[in-house]
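Q: Below is the structure I would like to discuss, written out as structure tokens.
Computed from the coordinates by the stated procedures, all read-outs in this text should not be read as laboratory data. The shown structure was predicted, so the numbers you read here are calculated from the model rather than taken from an experiment. Every residue, glycine among them, receives a Cβ derived from its backbone with ideal geometry; neighbour counts consider all protein chains shown.
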Amino acid sequence: MSQSHAPVLLEEAVEGLAVRSTGVYVDCTFGRGGHSRLILARLGPDGRLIALDRDPEAVRAASEIDDPRFTIIHGAFGELAERLKAIGITRVHGVLLDLGVSSPQLDAGERGFSFMRDAPLDMRMDTTQGPTAAEWLATASEEKIREVIKTYGEERFAKSIAAAIVAARARGPLGTTRQLAALVAEAVPTREPRQDPATRTFQALRIHVNQELEELSLVLPQCVELLAPGGRLVAISFHSLEDRIVKRFMREQSQADRLPPKLAVRARDLPQPRLRLVGKARRASEGEVAANPRARSAIMRIAERTAAAPSAVSQRDLNAPPTGRRARDAGTRETRSVAAAA
Ligand SMILES: C[S@@+](CC[C@H](N)C(=O)[O-])C[C@H]1O[C@@H](n2cnc3c(N)ncnc32)[C@H](O)[C@@H]1O
């Protein structure tokens, strides 16, 4: 099993951060540290890099970096501001989000992310908390299962898949990746070229189990609050649901607030946009995609913090996904998350 992860859009993302030698940077998704290591290489002796990952395996890999400028935190980036504040950081010069799962997560059979390997149906990035996919599927209503598979997997056969899952669990526990993949293959009547019929269902369950879209919606406004003027936000997404949230957020934040017409306010007092878009969305080069097929779906967006003061707009609830579980979990997450090293 491979423990390495080929970083996607590596040079481009770190260029996008416009690293200043004395700046404070945050890599919200350490993975195996491809981006983190390049950021460290660009930082001077007084620079600082804080990395987060919710996966204890990633945190263990990060502990191999012996560098006084580097700090790793075990935690979810949805709690970014709070986790940084706990170590005395309230202003940063760049934030990187390289979303989704890492290759070691997909390759490690026992994590249950992949239908290619038979394993317990787990799918949690943070193995220290929250229900596994199997636990969730054992109790969720058919309606909820259908909704998750339809929304997060964009799966048109969500109804038959949900019905098949509920029928199967009445006969016995649905606990392994192979069991689920076989059941989905039977429930899906058509085949897409070069795609396993279980692909969409596995993506949907992974997104739900890890509350991935909710995490993203939570972290983006925090980035705007944390960034110093001129600081950069770089986000790499791997599917349209993520990219839609990033794109919409950056667009909203880069437009001035709309005020009622004829409001008596001087132009200089109008609320100014808090972000400025930097270039257009970028994709990986053909060469990178040839070397690393995972880069095929990557899309990177960059924005720069302006000097405008934050406003209530940046706190707006962004595209809240329909299956929120975070509110229920909020009370337990804090006690269970562990800062592995500082
Ligand atoms: C695509 S990988 C990052 C790869 C990394 N840039 C590298 O070069 O090795 C995504 C990582 O982000 C982590 N992750 C995903 N969502 C997270 C969240 N909400 N909070 C913290 N870490 C998260 C995953 O556990 C995974 O290790």
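Q: What is the angle, in °, between the Cα long axis of helix 326-336 and the longest principal axis of the Cα atoms in the chain? Nearest 10 is fine, range 0 to 90.
A: Around 80 degrees separate the two axes.
Q: A further question follows. Using the Karplus curve 6.51 cos²θ - 1.76 cosθ + 1.60 with θ = phi - 60°, work out ³J(HN,Hα) for each residue of segment 162-172 in order, rounded to whole Hz, and write x for Gly and Pro.
A: Values, residue by residue: 4, 5, 5, 5, 5, 5, 5, 5, 6, 8, x Hz.
Q: Taking the highest mean first, how do the peptides 223-236, 295-308 order by number of other beta carbon atoms within 10 angstrom per residue?
A: Final packing ranking: 223-236, 295-308.
Q: Give me the extension gain from SER4 to ASP66: residue separation times 0.36 nm, minus the current Cα-Cα distance, reported in nm with one decimal.
A: Length gained, SER4 through ASP66: 20.5 nm.
Q: List the residues, sorted by chain then number, that are 5 or more residues from GLY230 or on another chain and whose placed amide H is less than 5 Å from its amide H.
A: Sorted by chain and number, the residues that satisfy this are ARG305, THR306.
Q: Please give the FRET efficiency for ALA185 paired with ASN292, using the beta carbon to beta carbon distance and R0 = 35 Å, rounded to the nearest 0.05.
A: E(calc), rounded to 0.05, equals 0.80.
Q: Can you list the HN-Hα couplings for segment 222-229, worked out from phi with the Karplus curve (6.51, -1.76, 1.60; θ = phi - 60°), rounded to whole Hz and with x for Gly and Pro?
A: Rounded to whole hertz, the list is 5, 4, 4, 5, 7, 6, 6, x.
Q: Per residue Cα convex hull volume for segment 1-88, in cubic angstrom?
A: Cα convex hull per residue, to the nearest whole number: 99 Å³.
Q: For segment 54-101, just the Cα atoms, rotate onto the principal axes and tell me the three extents in Å, largest first.
A: 27, 26, 18
Q: Ok, one more. With +1 on each Lys and Arg Cβ and -1 on each Asp and Glu Cβ, how big is the dipole of the chain about its Cα centre, in debye rounded to the nearest 20?
A: Magnitude of the dipole: close to 1020 debye.
Q: Another question about this same structure. Please compute the Cα-Cα pair-distance distribution of the chain with 20 Å bins starting at 0, giving whole percents from short to long.
A: 30, 56, 14, 0
Q: Also: If I model a spin label at GLU135 and ARG156 as a point 7 Å from the Cα along the Cα→Cβ vector, what separation in nanometres do I get?
A: Reported label-point gap for GLU135 and ARG156 is 3.6 nm.
Q: Additional query: May I ask which residue of LEU84, HIS74, LEU97 lies farthest towards the positive end of the charge dipole of segment 46-112, with charges of +1 (Lys, Arg) and -1 (Asp, Glu) on Cβ and the Cα centre as origin?
A: LEU84
Q: With a ≥ b ≥ c the root eigenvalues of the C-alpha gyration tensor of segment 181-285, is it rounded (a/c under 1.5), prolate (a/b larger than b/c) or oblate?
A: Because a/c hits 1.5 or more and a/b exceeds b/c, segment 181-285 counts as prolate.
Q: List the extent of the Cα atoms of segment 91-170 along each of their three principal axes, largest first, rounded to whole Å.
A: Taking the Cα atoms of segment 91-170, the three principal extents are 50, 25, 23 Å.
Q: Pick from ASP257, ASP243, ASP66 the residue whose mean-square fluctuation is largest in a GNM of the chain, springs joining Cα atoms under 10 Å.
A: Greatest mean-square fluctuation among the candidates belongs to ASP66.
Q: Given H placed 1.01 Å from N in the peptide plane, which residues other than close sequence neighbours of THR176 have an amide H under 5 Å from its amide H?
A: Correct list: LEU121.
Q: Label-point separation (nm) for ARG194 and ALA264, each offset 7 Å from Cα along Cα-to-Cβ?
A: For the pair ARG194/ALA264, the computed spacing is 6.4 nm.
Q: Please list, ordered by chain and number, the residues whose modelled amide H lies under 5 Å from the amide H of ASP98; skip anything fewer than 5 residues away on the same chain.
A: Amide H neighbours of ASP98: CYS28, THR29, ILE236.
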